1. On the given criteria, is A:Ala225 over 18 Å from A:Thr208 (Cα atoms), out of contact with any helix residue (DSSP H, G or I) (no Cβ under 9 Å at 6 or more places or on another chain) and either free of Cβ contacts under 8 Å to residues at least 40 places away in the same chain or open to solvent by less than 10 Å² (accessible area, probe 1.4 Å) (or both)?
2. Looking at region B:206-217 only, could you name the residues that are closer than 17 Å to B:Thr270 by Cβ and at the interface with chain A (Cβ under 10 Å from one of its Cβ atoms)?
3. Being buried (at least 20 other Cβ atoms within 10 Å of the Cβ), touching a residue at least 60 places away in the same chain (Cβ under 8 Å) and farther than 19 Å from B:Ala40 by Cβ is true for just one of B:Val129, B:Val119. Which residue is that?
4. Select from region A:237-256 the residues that are open to solvent by 20 Å² or more (accessible area, probe 1.4 Å), on the phi < 0 side of the Ramachandran plot and under 22 Å from the mean Cα position of the chain (by Cα) and write down the one among them that is modelled with the lowest pLDDT.
5. Would you point out the residue of region A:186-197, among those that are modelled with pLDDT of 85 or more and within 7 Å of another protein chain (Cβ to nearest Cβ), that is surrounded by the most Cβ atoms within 10 Å (Cβ to Cβ)?
6. Go through region A:180-219 residue by residue and tally those that are closer than 16 Å to A:Ile307 by Cα, free of Cβ contacts under 8 Å to residues at least 60 places away in the same chain and of a type in the set (D, E, K, R).
7. Let me spell it out: the conditions are (1) out of contact with any Asp or Glu (no Cβ under 6 Å at 6 or more places or on another chain); (2) surrounded by fewer than 24 Cβ atoms within 10 Å (Cβ to Cβ), and B:Arg25 meets all of them except one. Which number is the exception?
8. A:Glu273 fails exactly one of the following numbered conditions: (1) within 14 Å of chain B (Cβ to nearest Cβ); (2) open to solvent by less than 30 Å² (accessible area, probe 1.4 Å); (3) more than 17 Å from A:Met209 (Cβ to Cβ). What is the number of that condition?
Number of protein chains: 2
Amino acid sequence: MTVDVAGAAAALLAAEDILILTHRRPDGDTTGCAGALCRALRQIGKTAYILDNPDITPRYAPLIVPYAPSEGFVPGFIVSTDIAEEKLFPDTAEAYKGKVDLVIDHHGSNTGFGAQDLVRPDAGACAEVLYDVIVALGAKLTTEIAMCIYIGVSTDTGCFKFSNTTAHTHAVAAACLTAGVDGGEINRALFETKSRPRFEMERIVFDTMEFYEDGAIALALLWRADIDRTGADMDDLDSIASLTRQVEGVQIGITLTENRAGTVKASVRTTKEMDAAALCKKCGGGGHIRAAGATFDCGMEQAKAAILRAAREQFHAVG
Amino acid sequence: MTVDVAGAAAALLAAEDILILTHRRPDGDTTGCAGALCRALRQIGKTAYILDNPDITPRYAPLIVPYAPSEGFVPGFIVSTDIAEEKLFPDTAEAYKGKVDLVIDHHGSNTGFGAQDLVRPDAGACAEVLYDVIVALGAKLTTEIAMCIYIGVSTDTGCFKFSNTTAHTHAVAAACLTAGVDGGEINRALFETKSRPRFEMERIVFDTMEFYEDGAIALALLWRADIDRTGADMDDLDSIASLTRQVEGVQIGITLTENRAGTVKASVRTTKEMDAAALCKKCGGGGHIRAAGATFDCGMEQAKAAILRAAREQFHAVG
């Protein structure tokens, strides 16, 4: 059943022993939402915990790990934050499939798997929705809660850079700064600081990047040995595929990553003239119009030849 | 004489034949402010122009170039935007030194060179001040004016990333998006797109970056022949010096650039533990605590040895 912000707040106010779920490969938005909601619920006197997420990385651990359920806690009300469908539950949440009482999300593709669903696709970040819920709960926006919200909002909008940023996004950010959040410090850690492994990965992308069709197609190669040598983890590899598209003039950016199994993953990013999904479909893959992928059961050189052929075909068909 | 927003608006409403000045090496803020003010003044029936700026780059030209004074225009009222002192006037503004009627700025170091000065150091961007002036003028925030304001605000705050971003900054951005600005598209051009020369420069920085003292000191070398080969201009080189500091663990980031004259420029960027100004002072330079520079009358290798020695001295003195 669809609910609005007031309905979601009413459900939470009536609930006891609340357990909050985050999604697989947790990012700043799902952990920011869970962290903010748990702190706000405790502030107004509720018992609330955040379910352990085995994929949690050091960057976002402080938001949720201190709120892991204590031994013997039996949840009476389950809330999911920023989770579009039950398939995205972490393994630890297997038992809660079909049992979510309240969904809070901003994905247009949300399957509505909760008893009540608050889904606002107009929100750039789920943390924006969370902010409205917290206000409706009558909780005070402490600096710590505001920090969780701010991290969710800034990470999901590329620090207010992406087109999903709205006037409401900025209004929420303004409220967070007023509540004492040190945005400059948070953003330096989130957006201005590259780990050494991430730096080494970028160096490889830059080094290997080749240009075709007068700079309209860029292609970078990430060999497994290089990835392993840098020690890059998931946080480090996040968004590395978009580097190719950042070069002016590039309409099709391709990153080929050698998988451990010997297969090759192609990540394709396009600008508005080109269709990444159509391109990858030709190679047995798929995805979104600006971001898609395909997997090749062959070596790098063959994968490179195949994806380049598809890219050139599209480039000449469109151009 | 210091004036507030209402005073500045009153002065503009009483003025005729207004000429607006931008600063040397014009950036998004000075051109955004001038562009917004000129369009707003014309909207409310004033004659207004923006003085030519010989340093203008293609990126910001559309904001000011169409508003260059027509032949025979005799200004009756001079406004400067985002200019901290008369030394920063472009050569074309030489005749207006000592003759500025209204200063609109946000630099704490502003020398107050106008007959009236509206200086708000709390503003992350001068465009924030401009926004308030435009509201006080009673002008409508058209999409085009809002776009100028948005460019000023987003470029001077690193797209809302830097610590100079306040709740007011976000409130101004929200107003601009509500007025129809396509923030996503603007930011993609300003922050997500690297020109090929800029990309090539970054590739060189990445390739040449060396680490010392367990990664606490990073040093990159930009040889003149490489810079010339890439065709990098001022926009491309902008902020390249900060790349070294972006690597996690780096406390002192040094970029050495070979000048055309054969001298070497050192740009030093530090994190909060280290003092860039003190470090550069040891080499005959100076600057701010987090960003400073020095020039060496010698070759790259000697300059590298000298600056590394100073950096290591500071690192061991502090550490």
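The values are calculated or read from the model by the stated rules, or taken from the named source; none is laboratory data. Bear in mind that the values here come from a model prediction, so they are computed numbers and not experimental data. Because the Cβ atoms are built from the backbone with ideal geometry, glycine has one as well, and the counts that use them run over all protein chains shown. For accessibility, only protein heavy atoms count, side chains too; no ligands or nucleic acids. Shrake-Rupley method; radii C 1.70, N 1.55, O 1.52, S 1.80 Å.
1. On the way: over 18 Å from A:Thr208 (Cα atoms): no; out of contact with any helix residue (DSSP H, G or I) (no Cβ under 9 Å at 6 or more places or on another chain): yes; either free of Cβ contacts under 8 Å to residues at least 40 places away in the same chain or open to solvent by less than 10 Å² (accessible area, probe 1.4 Å) (or both): yes.
For A:Ala225, the condition - over 18 Å from A:Thr208 (Cα atoms), out of contact with any helix residue (DSSP H, G or I) (no Cβ under 9 Å at 6 or more places or on another chain) and either free of Cβ contacts under 8 Å to residues at least 40 places away in the same chain or open to solvent by less than 10 Å² (accessible area, probe 1.4 Å) (or both) - is not met.
2. B:Met209, B:Phe211, B:Gly215
3. Working: B:Val129 fails: farther than 19 Å from B:Ala40 by Cβ.
None of the others qualify; the one that does is B:Val119.
4. Taking region A:237-256 and keeping what is open to solvent by 20 Å² or more (accessible area, probe 1.4 Å), we get A:237-239, A:242, A:245-246, A:248-249, A:251.
With the extra rule that they be on the phi < 0 side of the Ramachandran plot, the set shrinks to A:237-238, A:242, A:245-246, A:248, A:251.
From what's left, under 22 Å from the mean Cα position of the chain (by Cα): A:237-238, A:242, A:245-246.
Numbers: A:Leu237: 70, A:Asp238: 65, A:Ser242: 82, A:Arg245: 88, A:Gln246: 87.
Only one residue tops the list, namely A:Asp238.
5. For region A:186-197, the residue satisfying everything is A:Asn187.
6. So the answer is 1.
7. (1)
8. Only one criterion is unmet by A:Glu273, namely (2).
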